[in-house]
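Notes to accompany the following structure.
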Amino acid sequence: MNLASGIPAGLLQTLQSRQPTLWCNPAYETLPFPALPPDAGSPAQAQARLARHAPVLGRLFAELAQAGGRIASPLLPVPRLREALLPDGADAGAWFVKADHALPVAGSVKARGGFHEVLCLAERLLQEAAGPGGRLPALDEEAARTLFARHTVAVGSTGNLGLSIGLIARALGFRAVVHMSADAKQWKKDRLRARGIEVVEHGGDYARAVQAGREQARRDPHGYFVDDEHSAALFMGYAASAGELAAQLAQAGRPVDAEHPLFVYVPCGVGGAPGGITYGLKQHFGAHVHCFFAEPAASPCMLVQLASGGDAPLSVYDIGLDNRTEADGLAVGLASPLVAPLMRALAAGIFTVADERLFVDAVRLHDAHGVLVEPSAAAGFGGPGWLLRSQAGRAFVAGRGLEPALPRATHVLWSTGGSLVPAPEHERFQARGRALLQAGADAQ
């Protein structure tokens, strides 16, 4: 059976040719809000857990001390970026960057999910050791650290999730192991090792590294594997960002309602972070928020899975793509089987991005507002252009009667990584982006 046969022929041809495109989800707003198992928790519970352990995090990490251990990123108004990307944007509303590239300690969107999952594990181990009614020590007390030292936390990662998991696990006293593909960025491997985190390299892509890490942890009676493809704890950690964004929008005087729609654009790899963010935002704002994912043209795994219309796994390799992209954090061949079914109801659409555009938009953000991000974190910046200027985007807007509200809309571009990138890497990113700009690489 040809699983790709569920993808419309025209879309399939576009994807195979790596031509950037916007796909709007035909199932969006036609299905009920998806339910997760009761033991998955909720965004509010995840937010409460992060707040409960904030004092410990403030003691463990100097970067969090001033904020009392709170893991949060700023919401940056970016009017000059809007002018650079949509100079005719009378209908473009207000633009912001949700600066998760600047999340403290881990420096990426993975901080909330990764920290939340390890905190869940730490709580469970302490509760099991204490027994019913027993006293639970703070996570950084000696009794807790002695317990954690007997356990290994492992994860498969292209880098950013590994940094998040590895840093919090090591800080609490766990042994931390990150399984990476051999072609992952060297500076990320070096940073992990410099913080006492073991890096195991594997041939093949991200999926191969995840599988190897999963198998190794299964053989270790004291091993725990953070499974990016299946983890509800990671997912809810990402979903906790919804409450933070809602408070920031209110503080900025940006209401979210029928007259003031919210559009959010998030880079997508395996799908956990954008899926969790979308789940939290849709739960919070309902029909007034519309979330779009951005994927590399060589690695549109979530688009391929959702557009196929089926539940059987379908990878980018199955449609003839090679999953080779400069956006290493987004270089994933197969979407999360936990997240993809949820996004069939919740994701408004997905657009693909050529690698060249990633570098160009990273330069545009820096030139407009002095902010440095890694190229993959700029994947969502073309989202408003797709929504407001493409045929598919205009049809989406018209179909929901949103045209009159567009001048009052808010657009949030979610930047996902970059503050830990070494300066020479940023210089290389910027030089490449400027060369592409000069060469006229300005297309979607």
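The values are calculated or read from the model by the stated rules, or taken from the named source; none is laboratory data. These figures come from a predicted structure and were not determined experimentally. Every residue, glycine as well, gets a Cβ built from its backbone with ideal geometry; the counts of neighbours run over all protein chains shown.
A few notes on this one:
- Scanning segment 130-186 for residues that are free of Cβ contacts under 8 Å to residues at least 60 places away in the same chain, under 24 Å from Thr325 (Cβ atoms) and either among the aromatic types (Phe, Trp, Tyr) or surrounded by 23 or more Cβ atoms within 10 Å (Cβ to Cβ) (or both) yields Gly162, Ser164, Gly166, Val178, His179, Met180.
- Of the residues making up segment 271-310, just one is of a type in the set (D, E, K, R) and under 21 Å from Ala9 (Cβ atoms), namely Glu295.
- Exactly one residue out of Gly370, Gly393 is assigned by TED's automatic domain parsing to the domain that holds Gly93, free of Cβ contacts under 8 Å to residues at least 40 places away in the same chain and surrounded by fewer than 24 Cβ atoms within 10 Å (Cβ to Cβ), and it is Gly370.
- Enumeration of residues in segment 10-38 that are in a loop (DSSP other than H, G, I, E, B) and farther than 25 Å from Gly276 by Cα: Ser17, Arg18, Gln19
- Some residue of segment 417-428 being among the polar types (S, T, N, Q) and within 19 Å of Pro77 (Cα to Cα): yes
- Those residues of segment 202-215 which are surrounded by fewer than 19 Cβ atoms within 10 Å (Cβ to Cβ) and either in a loop (DSSP other than H, G, I, E, B) or at pLDDT 90 or above (or both), in sequence order: Gly203, Gly204
- Only one entry of Ala395, Ala362 meets the criterion of being out of contact with any Gly (no Cβ under 8 Å at 6 or more places or on another chain), in a helix (DSSP H, G or I) and at pLDDT 95 or above, and that entry is Ala395.
- Answer residue from segment 224-269, given it is in a strand (DSSP E or B) and of a type in the set (Ser, Thr, Tyr) and is surrounded by the most Cβ atoms within 10 Å (Cβ to Cβ) among those: Tyr265
- Considered as a group, the residues in segment 58-76 that are touching a helix residue (DSSP H, G or I) at 6+ places or on another chain (Cβ under 6 Å) and part of a loop (DSSP other than H, G, I, E, B) include one that is farthest from Gly113 (Cα to Cα), and that residue is Gly68.
- Taken residue by residue, segment 9-20 has no member that is over 30 Å from Gln305 (Cα atoms) and either without any contact (Cβ under 8 Å) to a residue 12 or more places away in the chain or not small (Gly, Ala, Ser) (or both).
- Qualifying position, being out of contact with any strand residue (DSSP E or B) (no Cβ under 7 Å at 6 or more places or on another chain) and assigned by TED's automatic domain parsing to the domain that holds Gly393, among Pro74, Pro32, Pro79: Pro32
- Just one residue in the set Arg145, Arg124 is in contact with a helix residue (DSSP H, G or I) (Cβ under 9 Å, 6 or more places away or on another chain), modelled with pLDDT of 95 or more and of a type in the set (Lys, Arg); that residue is Arg145.
- Among all residues of segment 89-100, there is none that is within 23 Å of the chain's Cα centre (by Cα), in the same structural domain as Val266 (by TED's automatic domain parsing), more than 29 Å from Arg408 (Cβ to Cβ) and surrounded by fewer than 20 Cβ atoms within 10 Å (Cβ to Cβ).
This table checks each residue for (1) among the hydrophobic types (A, V, I, L, M, F, W, C); (2) surrounded by fewer than 21 Cβ atoms within 10 Å (Cβ to Cβ); (3) within 24 Å of Thr278 (Cα to Cα).
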{"residue": "Asp361", "(1), (2), (3)": "no, no, yes"}
{"residue": "Leu365", "(1), (2), (3)": "yes, no, yes"}
{"residue": "Ser376", "(1), (2), (3)": "no, no, yes"}
{"residue": "Gly380", "(1), (2), (3)": "no, no, yes"}
{"residue": "Ala398", "(1), (2), (3)": "yes, yes, yes"}
{"residue": "Pro422", "(1), (2), (3)": "no, yes, no"}
{"residue": "Gly433", "(1), (2), (3)": "no, no, no"}
{"residue": "Gly440", "(1), (2), (3)": "no, yes, no"}
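- Test: residue in segment 205-216 that is aromatic (Phe, Trp, Tyr) and out of contact with any Phe, Trp or Tyr (no Cβ under 8 Å at 6 or more places or on another chain): yes
- Of the criteria (1) touching a strand residue (DSSP E or B) at 6+ places or on another chain (Cβ under 6 Å); (2) assigned by TED's automatic domain parsing to the domain that holds Ser299; (3) under 20 Å from Glu117 (Cα atoms), which one Val177 fails: (2)
- Test for Thr352: is it within 21 Å of Gly393 (Cβ to Cβ) and of a type in the set (Ser, Thr, Tyr): yes
- You will find that of Pro313, Pro337, Pro300, Pro341, the residue that is within 28 Å of Val421 (Cα to Cα) and either aromatic (Phe, Trp, Tyr) or touching a residue at least 24 places away in the same chain (Cβ under 8 Å) (or both) is Pro300 and no other.
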